[in-house]
Amino acid sequence: MGFVFISIIIVIGIFTMLSKVGKTSLSITYAPGDADIVIDGKKIKRNRCTEDVCVKKVNVKKGIQNISLNMVNFNTDTKRINTNETNEVVLISTPSNPAGEKYYKDNEYVQQQIQNASSAEFDIGSKNISQKYPFIDKLNIYGGGYTIGYGASSYSKRDPDSVAIYIEASEPEYREKAIEAIVSELGVSPADIEIIYNNFYNPFKEQVQ
Amino acid sequence: MRIINKKYILLIIITAFLALLTVFGISYLTSKTKITIELQNVSELRLYESKKGGDPSELQKQEPSVNINKSGEYNITKGYYIYEAQPVSNEYETVKGSFNTKEDKNLKIQPNYSNEKLKSLYSSEISAIQLALNTNYPNQMKDYKIDYGKLYIDGSWFAGYLIPNNGTDNLQVIMHKKGGVWEVKATPNITISKAQYPEIPYKVIESVNVRPF
């Protein structure tokens with residue numbers, strides 16, 4: 001009997017280990033706690049969450065994953081992530097109609113959950129940006145005739161975590177000096193990151209005919 | 001009794017021999033893997049077995065493990081390789097690289113034109129490039145001239161600078177020849193990056209960002 005029990009434990013252990021092959025752990029912070037989490041079209045089983053912060057950890061396949069948060073009377077929030085680059089995601093659904101607004105107002109815990117999830121989303125975004133652009137810690141740089149900072153890129157809609165370097169300089173020679181400083185002090189090549197030049201009028205901008 | 005013992009011993013020896021043969025056979029078969037190699041404008045491909053992360057500059061210090069001179073499927077020993085591809089003529093450049101049979105089952109090698117070939121092509125293309133820029137930017141190009149221009153890869157990519165005659169900023173420009181027509185691929189700007197234009201070959205963007213002034 002003891003042998004059978006141990007065998008069952010071993011089989012369960014082997015099965016559990018095999019089921020994790022090719023998978024990685026993903027932490028999903030979501031709000032409201034009553035919404036459904038869907039990963040690549042499959043609803044994830046979980047208990048209803050009434051705590052201030054709702055987090056669900058799941059094992060998912062490595063690579064690109066489409067994750068959605070669905071709830072009646074609320075907007076669906078969908079994120080496409082690469083689990084090789086990040087192991088955490090935040091999903092927030094907001095009211096999409098008067099019934100959703102009423103539910104939101106009548107349940108204080110839902111308001112708290114959405115507020116906390118928004119804070120978590122901001123923190124994750126900041127962490128991702130620091131990891132992707134380690135030179136940010138050295139900015140702003142104030143040189144002779146120029147300032148180097150950073151901000152949103154021109155293509156941030158397709159890549160929300162993307163950053164551009166901003167150069168504030170009034171003369172061409174100062175802009176050239178700022179580019180040299182970016183290479184020498186930040187160790188960044190202009191080939192690798194967008195540089196946006198404030199106070200610079202580009203006569204060729206959006207004028208391809 | 002002695003005859004029976006001898007028979008058993010013989011049986012054990014034969015079984016052991018067959019088992020060893022099987023083990024070595026399986027080991028041999030599993031040590032090889034099939035790689036599809038496609039060569040264009042390559043006269044000879046030399047493969048050198050290497051440790052993980054091998055440096056192509058180490059090539060000259062050893063004999064090649066495999067020599068290949070035409071496209072096809074090849075069974076080669078699993079592992080890491082450094083390779084050197086000799087072009088069919090000096091119009092193309094020698095290609096060096098590395099691959100891992102575990103991750104790369106298809107190897108396509110197509111050398112770019114050599115610098116000399118690209119230079120000679122550029123002199124015949126510059127007029128067409130100038131015309132395309134004048135057509136796309138008729139007002140702007142009155143104040144700029146093309147300089148520090150080069151062709152890249154197969155001669156269908158151009159990158160260079162637009163130098164102003166009024167003391168304003170020098171601008172980078174990148175163009176691509178498609179269907180016989182030169183098209184602007186990146187709006188002329190002080191700097192152009194792969195972040196904004198991921199579809200432009202990185203080699204072109206990297207080179208034009210080595211500022212010549």
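The values are calculated or read from the model by the stated rules, or taken from the named source; none is laboratory data. Model, not experiment: these values are computed from the prediction. Reconstructed Cβ throughout: ideal geometry from the backbone, glycine too, with neighbour counts over all protein chains shown. Keep in mind that these areas ignore ligands, DNA and RNA; they rest on the heavy atoms of the full protein, side chains included. Shrake-Rupley method; radii C 1.70, N 1.55, O 1.52, S 1.80 Å.
Residues of region B:104-122 being more than 13 Å from B:Tyr152 (Cα to Cα) and either within 14 Å of another protein chain (Cβ to nearest Cβ) or not charged (D, E, K, R) (or both), which ones?
B:Asn106, B:Leu107, B:Ile109, B:Gln110
Of the numbered conditions (1) out of contact with any strand residue (DSSP E or B) (no Cβ under 6 Å at 6 or more places or on another chain); (2) open to solvent by 80 Å² or more (accessible area, probe 1.4 Å), A:Asp161 satisfies every one except a single condition; which is it?
Result: A:Asp161 passes all but (2).
Taking strands (runs of 3 or more DSSP E) that fall entirely within region A:118-209, which contain at least 2 residues that are more than 17 Å from the chain's Cα centre (by Cα) and within 13 Å of another protein chain (Cβ to nearest Cβ)?
Output list reads A:146-152, A:163-169, A:195-198.
Let's see how each residue does on (1) surrounded by 11 or more Cβ atoms within 10 Å (Cβ to Cβ); (2) touching an Asp or Glu at 6+ places or on another chain (Cβ under 9 Å); (3) outside any helix (DSSP H, G or I):
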residue	(1), (2), (3)
A:Gly13	no, no, no
A:Ser25	yes, no, yes
A:Ile28	yes, yes, yes
A:Thr50	yes, yes, yes
A:Arg80	no, no, yes
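Going by the conditions given, is B:Lys108 in a helix (DSSP H, G or I) and open to solvent by 40 Å² or more (accessible area, probe 1.4 Å)?
no
How many residues are modelled with pLDDT of 80 or more, of a type in the set (A, V, I, L, M, F, W, C) and open to solvent by 60 Å² or more (accessible area, probe 1.4 Å) when one looks only at region B:1-57?
10
A quick yes/no check of all residues on (1) in contact (Cβ under 8 Å) with a residue 60 or more places away in the chain; (2) within 30 Å of B:Asn189 (Cβ to Cβ); (3) in contact with a Pro (Cβ under 9 Å, 6 or more places away or on another chain):
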position	(1), (2), (3)
B:Tyr92	no, no, yes
B:Thr101	yes, no, no
B:Lys108	yes, no, no
B:Pro111	yes, no, yes
B:Ala128	no, yes, no
B:Tyr144	no, yes, yes
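With a cut-off of at least 2 residues that are open to solvent by 40 Å² or more (accessible area, probe 1.4 Å), under 21 Å from A:Ala191 (Cα atoms) and within 12 Å of another protein chain (Cβ to nearest Cβ), name the strands (runs of 3 or more DSSP E) lying wholly within region B:126-213.
Correct list: B:181-189.
Rundown of residues vs (1) in contact with a Lys or Arg (Cβ under 9 Å, 6 or more places away or on another chain); (2) in contact (Cβ under 8 Å) with a residue 24 or more places away in the chain; (3) surrounded by 14 or more Cβ atoms within 10 Å (Cβ to Cβ), yes/no style:
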position: A:Gln112; (1), (2), (3): no, yes, yes
position: A:Glu121; (1), (2), (3): no, yes, yes
position: A:Lys127; (1), (2), (3): no, no, no
position: A:Ser130; (1), (2), (3): no, no, no
position: A:Asp137; (1), (2), (3): no, no, no
position: A:Tyr142; (1), (2), (3): no, no, no
position: A:Ser153; (1), (2), (3): no, yes, yes
position: A:Glu171; (1), (2), (3): no, yes, yes
position: A:Glu176; (1), (2), (3): yes, no, yes
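Working only within region A:36-48, note down all residues that are assigned to a strand (DSSP E or B) and over 18 Å from the mean Cα position of the chain (by Cα).
A:Asp36, A:Lys42, A:Lys43
Taking region B:72-88 as the region of interest, how many residues are assigned to a loop (DSSP other than H, G, I, E, B) and at pLDDT 95 or above?
The total comes to 1.
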